[in-house]
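Encoded as C-alpha cells, the structure appears first; notes follow it.
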Ligand SMILES: Nc1ncnc2c1ncn2[C@@H]1O[C@H](COP(=O)(O)OP(=O)(O)O)[C@@H](O)[C@H]1O
Ligand SMILES: [Mg+2]
C-alpha cells in the first residue's frame, strides 16, 4: 500500500493541505517552523491515531479549532484503492474506511504500516523497555495475524491479577488468573522470539552496511529463562503481594542491544545511535516486505541531523532500496542526491502551505 492522495486539515499550522504523493520518494523541504514535521505527524496520525510528538491531541489540532482531519487514498500492488480518514477532537476519534465507520485503530494500522526516523531516535535505545517492546510488537503485529488479540488478552488478565494483588485478596483469588496468564505469555513470547529469528539476519546486514560493525540484539523475556514462567510466578508470589503487581512476564520484556558486550546506550555516539536505529527500522520494513509483500511508509524527519554527508548518502540509498514509500524532510533543497532512476516528487513548504516543485 502507498498513499496516492493526502489531505490534511487543521493539523498544527497546516490548515488545508492537499497533495498527491508519488509511490517512492517524496522530498519535503522548507525553513524552520514551516510545517515539515507536521506533514509527517499527519501521516503518522492516520496510521495509529496518535502523534509521535505529544500524547495530548489538543496540541496537534490547529489553534482556534476543535478538531483535525486527515484523509488519504491508498493503492495496493493490484491498483485497488482504499479511502481512509481520521477525525480527532479532544474527546472523540472517528475512523472511516471506504465510507464506513470503524471502531478499532488496529484496522487502520494494519492497512498502513508506518515507521518513523527522526532526531529523537536515540530514545529507543536510551529510554525504558516499553519503547523497545513497542518496536518488536510493531513487527510481530504486522506479520502475524492473531498476535494483537493474544497481546490484548494477556494485558486484560494481567490487569485483573494486578487488581487482585493490589486489593490484597486471598491467594486463591490471585492465582486464579495464572493459568490464562501463562497461556498468553507463552504465545507472546513465542511470537516475539520467532519474529526475531527472521528479523536478526536482515538487521545484521544493515548494521554492517551502515556502520561497518556488528551489534548484538538479545531478547529478554521478562523473567529468568532458567525457570519456567509458572515457577517464576509461584516463587515471586510473596514479592508480588507485597508490591501489589506482577513483577515478571512479557510485560517486562526488553531488547538488550550491545556492541562488544557493552550496551550501546552506554558506548555509542548520537550519530552511531541514529544509524543503529535506522538499521533496526530498515530491517523491520525489509522483513515485512519479505514476509507479507506489504510496502511500508517511512517518514524521515530531518535526515541530515547528526549525520555526515557520506553516512547521509549511504542511508538514503538503503532507504530507497527498501521500496518503502518515503517522506523525507530537510531544510535545504539539496541535502542529498537521490538515485536518478527512482520516481520522486519534491514539495516546498512555507507557512503551512505545500507546493509541488516541478523538477
Ligand atoms: N496547534 C497549533 N496550531 C497552529 N500552529 C501550530 C500549532 N502547534 C505548532 N504550531 C506551529 O506550526 C509550525 C510548524 O511546525 P513544524 O511542523 O514543527 O515545523 P518544521 O518541522 O518545518 O520546523 C510552527 O510554526 C509551530 O509554531
Ligand atoms: Mg521539524
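Every number in this text was worked out from the coordinates using simple rules, so none of it is lab data. Computed from a predicted model, the values in this text were never measured in an experiment. With ideal geometry, Cβ positions are generated from the backbone for all residues, glycine too; neighbour counts draw on all protein chains shown.
Would you work out the relative contact order for the range 121-293, in percent, from Cα pairs under 8 angstrom that are 6 or more residues apart? Working shown, then result.
Details: 186 pairs, mean separation 57.6, N = 173.
Value for the range 121-293: 33 percent.
How would the range 121-293 be classified by its alpha-carbon gyration tensor: rounded, prolate or oblate, with rounded meaning a/c under 1.5 and the a/b versus b/c comparison settling the rest? Before the final figure, lay out the partial values.
Details: a/c = 2.68, a/b = 1.83, b/c = 1.47.
Cα axes put the range 121-293 in the prolate bin.
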Candidates 86, 319, 233: whichever shows maximal mean-square fluctuation once the chain is modelled as a Gaussian network with Cα springs under 10 Å: 233
Per-peptide average of other Cβ atoms within 10 Å, ordering 265-271, 345-351 highest first: 345-351, 265-271
Three-way shape call for the range 227-280 based on the alpha-carbon gyration tensor, with the a/c threshold at 1.5: prolate
Helix-only CD estimate at 222 nm, as mean residue ellipticity for the chain, using -39500 (n - 2.57) per DSSP H run (n ≥ 4): -13500 deg cm²/dmol
In degrees, nearest ten, helix 129-143 long axis to first principal axis of the chain (Cα): 70 degrees
Among 35, 222, 139: highest mean-square fluctuation, GNM of the chain, C-alpha pairs under 10 Å: 222
Rounded to 10°, Cα long-axis angle of helix 178-211 versus longest principal axis of the chain: 40 degrees
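Going by how many other beta carbons lie within 10 Å of each one, how would you line up 329, 189, 232, 54, fewest first?
Working: 329 25, 189 19, 232 22, 54 11.
So the residues, fewest neighbours to most, are 54, 189, 232, 329.
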Size-normalised alpha-carbon gyration radius of the chain, reference 2.2 N^0.38 Å: 1.06
Which of 80, 291, 306 has the fewest Cβ neighbours within 10 Å, and the rest in rising order: 80, 291, 306
0 to 90° range, to nearest 10: angle between helix 309-321 axis and the chain longest Cα axis: 80 degrees
Choice from 183, 310, 272 showing the highest fluctuation, given a GNM over the chain with Cα pairs closer than 10 Å: 310
Whole-percent pair-distance distribution, where bins are 10 Å wide, for the alpha carbons of the range 180-257: 17, 41, 24, 13, 5
FRET efficiency estimate (nearest 0.05) - Cβ-Cβ, residue 64 to residue 265, R0 30 angstrom: 0.15
